[in-house]
There are 2 protein chains.
Amino acid sequence: MTSSASDDSAGTALPFDRAEYGARLARTRAAMEAAGLDTLLVSDPSNMAWLTGYDGWSFYTHQAVIVPGDGDPVWWGRAMDARGARRTVWMDDDAIVGYEDHYVQNPDHHPMEALCGLLAERGLARGRIGVEMDNYYYSAKAHQTLAGRLDGCDLVDAEGLVNWRRAVKSPAELAFMRRAARIVQTMHGMIAEIAEPGLAKHLLVAEIMKAGTLGADGHWGDYPAIMPLTPSGMDATAPHLTWDDRPMRAGEATFFEIAGVYRRYHCPQSRTLFLGTPPQRYRDAERAVLLAVDAGIAAAEPGRTCGDMADAFFDTLEAQGFSKESRAGYSIGLSYPPDWGERTMSIRRGDPTVLQPGMTLHFMPALWLDDGGLEITEPIVITETGAQCLTQTPRGLVVK
Amino acid sequence: MTSSASDDSAGTALPFDRAEYGARLARTRAAMEAAGLDTLLVSDPSNMAWLTGYDGWSFYTHQAVIVPGDGDPVWWGRAMDARGARRTVWMDDDAIVGYEDHYVQNPDHHPMEALCGLLAERGLARGRIGVEMDNYYYSAKAHQTLAGRLDGCDLVDAEGLVNWRRAVKSPAELAFMRRAARIVQTMHGMIAEIAEPGLAKHLLVAEIMKAGTLGADGHWGDYPAIMPLTPSGMDATAPHLTWDDRPMRAGEATFFEIAGVYRRYHCPQSRTLFLGTPPQRYRDAERAVLLAVDAGIAAAEPGRTCGDMADAFFDTLEAQGFSKESRAGYSIGLSYPPDWGERTMSIRRGDPTVLQPGMTLHFMPALWLDDGGLEITEPIVITETGAQCLTQTPRGLVVK
């Protein structure tokens, strides 16, 4: 219904070239073969996007990418979203299949009934079929519906199979990560500039949301998979509270856990702002965290493990008289809500993942203590020789 | 670690009074009894918040509210998020239980193992236990883990049990919905004012994000459960694409599907902007939609059904020579990502839900045609006598 002749009938530009998608598919197929899978059903929107380029906020209805043993993957979802798939994926239109709208949020029907029909039609309702058992977008009911209708198939847990293939980033992906890094650095600079006692928190968050979308260095900002976490004072004893309209106060700390995002690639980073003069205990905590961060980064060499990095970090932190019960980071990259992590490796004692050049992690040494919180975190990339911080955001407490 | 004496040690203010939470729990228990449930496990963050006040971006890890047959509900989640629960829920601290961090995103452990332990400890690992089988946050693996460890219990599908209790809003909830409505109306006014040919889309979206957070009439804005959907031209043939940095163009339509949000209560509304002179076919589509909206609203009387409303809408639309394959709306209210709908009733032919005063719906008569999209939608509340629009946003195509 546009009056101008459209020059965009082929859809939006793919973020990566076809060779890169081909390489991703080949890596996925190798892992499928190692796991003895005939077919893989991918429900995680991040994995769907990584394999096909698909990008749309449609994951609130059931959808999947079907990866058969050979041939192109198939995008499957709600009929109205097949239109979005045609605008965004690299495959031909016959690899895009929509299901009818009466399956949507209707207690009498389940979309997985339609998927079973499609699998049968394409000769894929056989053998060992991988499913992402612990993904947000593969519900208990989805599994029950598939399992009840796919007679003679083996549904096998393939949670993480694609996620692990995403761990080492390509040069093109690293370029996206660096754009996202510039965005989050700009956002933290803006916060340090405008935050002040008396400023209602939502007014500050409005500027954060705006800055994240404006982007940086001529690169636009995409939406984050986690909204800004911005608690002050006692609320900052908890990690995942968002915001309200209470004013910021002198003598109080606020942490800002935010991400810059470029075309779904996330660079999260946290900084903590103290309005006024921080008490000594706060400075002690800062010192301990900075030493422990240095130790962790020094240990993050290719060939060593996430567990080695965690040991270096936790040993140093504990030697300074502080402790932390939770993991100190995770893999980052392409993501959709509700999580900007990749749900693979963790910076946690005993994690056996061997660090490799091209891996990107959010080194997240946050302390949530009984009377306040301190988050000073570093997104890093593993290089041939060690770890490099993705941003130049000044490390340390921001005091104003 | 704050230096000032905090006056907020009791946590953030509950959005509703204790009597309202008591009434919600009583309604839930009545439905549990009707379904023969001894205990209910609530995984949907919207249902968790509605029952307890809990508000945090922690739903990317497994968590739940346990509703036993009597006594207070129990918040259960990651240990670090138990801190956030202590800041936000109405129950005492002994009704808040955290699990250890090694269960988080660790292939060797699953948090549901810890939940089984808690249920046993509290004498609840028995009888019929309701679970939300098709919720995003109740994965196939979560169900498998519970089912494999709760010997002698019956896990029963209780999908929607709490969602349906939320359908009729209290006066306090309606006040929140009206605040959200003012916010979305303000956002649409801003878009109409600043959009113009040549403006890069992300610059406009940055202002939308900011306006949504600033709020309206002195009420702050919360984050939406769906990010702004803002496609132009051929991209608007698809419903759920977000944005990039391409400039808006003369002769092209863009729809803006956005929501105002006040304390998690959503008022979504879409408007379509045409830059230049709309072609006749576009005006015809607009006229058909407006007539069909009038017919739908006229049919939305208490005592009639969602299906009646759908019949009035679709019959009128089709009489005008247009058709629409998808549902024309859904129930709205308290929500968390990835969906701002309540996943209960739909405005769809045959939907038997009887409309009642206090229900709120997004009447969503969008058309996605082969050459463009048209979204002119109305959030409504059912009153004693009919349906009332929640906003005064001018209805119709915005032409500029």
Longest to shortest principal axis, alpha-carbon extents of the protein assembly as shown, angstrom: 77, 60, 58
Other copies of B:Asp70: label-to-label distances in nm, shortest first, labels 7 Å along the beta-carbon direction: 6.7
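Would you calculate the convex hull of the Cα atoms in region B:2-165 and tell me its volume per residue in Å³?
Value for region B:2-165: 116 Å³ per residue.
Sorted from fewest to most neighbouring beta carbons within 10 Å, what does the list B:Thr52, B:Thr393, A:Thr353 look like?
Details: B:Thr52 26, B:Thr393 23, A:Thr353 19.
Ranked by crowding around the Cβ, least crowded first: A:Thr353, B:Thr393, B:Thr52.
What size of dipole, in debye to the nearest 20, comes out for the protein assembly as shown about its Cα centre when the only charges are +1 on Lys and Arg C-beta atoms and -1 on Asp and Glu C-beta atoms?
Details: 74 positive and 106 negative charges, 212 e Å.
Dipole magnitude for the protein assembly as shown comes out near 1020 debye.
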Convex hull of Cα atoms in region A:49-98, direction-averaged projection (nm²): 3.1
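Averaged over B:227-235, how many beta carbons belonging to a partner chain fall within 10 Å of each residue's beta carbon?
Values: counts 7, 3, 3, 0, 4, 3, 7, 11, 8.
Mean shielding count: 5.
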Built amide H within the under 5 Å cut-off of B:Arg263, gap 5+: B:Asp222
Ranked list, fewest to most other Cβ atoms within 10 Å of each Cβ, for B:His219, A:His362: B:His219, A:His362
Placed amide H near B:Gly329: partners under 5 Å, 5+ positions off or other chain: B:Ile347, B:Met364
Gaussian network model of chain B, springs between alpha carbon atoms under 10 Å - residue of B:Pro111, B:Pro239, B:Pro338 with greatest fluctuation: B:Pro338
Label spacing, shortest first and in nm, from A:Gly396 to its equivalents in the remaining copies (7 angstrom along Cα→Cβ): 6.1
Per-copy distances of the A:Pro107 label point, shortest first, in nm (7 angstrom along Cα→Cβ): 3.9
Long-range amide H partners of A:Val399 with built H, under 5 Å: A:Phe274
Global form of region A:89-168, assessed from the alpha-carbon gyration tensor, a/c cut-off 1.5: rounded
Whole-number D in µm² s⁻¹ for region B:171-399, Kirkwood Cα-pair radius fed into Stokes-Einstein, 20 °C, 1.002 mPa s: 123
Chain A - Debye-derived log10 I(q)/I(0), Cα point model, q = 0.09 Å⁻¹: -0.60
Cβ-based exposure ranking for A:Leu291, A:Leu124, in which fewest neighbours within 10 Å come first: A:Leu291, A:Leu124
Derived scalar couplings ³J(HN,Hα) [region A:385-400; Karplus, 6.51 cos²θ - 1.76 cosθ + 1.60; whole Hz; x for Gly, Pro]: 10, x, 10, 10, 6, 7, 10, 10, 4, x, 8, x, 5, 8, 10, 9
Space enclosed by the convex hull of the alpha-carbon atoms of region B:194-281, per residue, Å³: 102
All-pairs alpha carbon distance profile, region B:246-369, 5 Å steps from 0, percent: 2, 10, 19, 20, 19, 15, 9, 5, 1, 0
Per residue convex hull volume, Cα atoms of region A:71-125, in Å³: 73
Calculated Rg and Dmax of region B:232-302 using C-alpha coordinates, Å: 15.1, 45
Of B:Leu174, B:Leu40, B:Leu118, the one that fluctuates the most in a GNM where chain B has Cα springs shorter than 10 Å: B:Leu118
Karplus (6.51, -1.76, 1.60) ³J(HN,Hα), θ = phi - 60°, over region B:125-134, in Hz, Gly and Pro reported as x: 7, 7, x, 9, 10, x, 10, 8, 4, 10
Shape of region B:304-369, Cα gyration tensor, a/c cut at 1.5: oblate
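What are the membrane-span-like helices in chain B by this rule: whole DSSP H runs, Cα extent along the axis at least 18 Å, mean Kyte-Doolittle hydropathy at least -1.0?
Numbers: long enough: B:18-34 (24 Å, -0.64); B:171-194 (35 Å, 0.38); B:201-214 (20 Å, 0.71); B:280-299 (29 Å, 0.11); B:306-319 (20 Å, 0.29).
Counting only whole DSSP H runs, the qualifying helices are B:18-34, B:171-194, B:201-214, B:280-299, B:306-319.
By its C-alpha gyration tensor, with a ≥ b ≥ c as the square roots of the eigenvalues, how is region A:160-220 shaped: rounded for a/c under 1.5, else prolate for a/b larger than b/c, else oblate?
On the way: a/c = 3.46, a/b = 2.22, b/c = 1.56.
Judged from the Cα gyration tensor, region A:160-220 comes out prolate (a/c at least 1.5, a/b above b/c).
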Student exercise, region B:187-308 dipole from Lys, Arg, Asp, Glu Cβ charges, in Debye to nearest 20: 60
Estimated vicinal HN-Hα couplings, Hz - region B:156-169 in sequence order (Karplus 6.51, -1.76, 1.60; Gly, Pro = x): 10, 5, 10, 3, x, 4, 6, 3, 5, 5, 8, 4, 8, 7
Neighbourhood charge, 12 Å Cβ-Cβ cut-off, centred on B:Gly98 and excluding it, Lys, Arg +1 and Asp, Glu -1: -2
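Here, each number is a calculation from the coordinates, and none is a lab measurement. Everything numeric here is computed off the predicted structure, so don't read it as measured data. Reconstructed Cβ throughout: ideal geometry from the backbone, glycine too, with neighbour counts over all protein chains shown.
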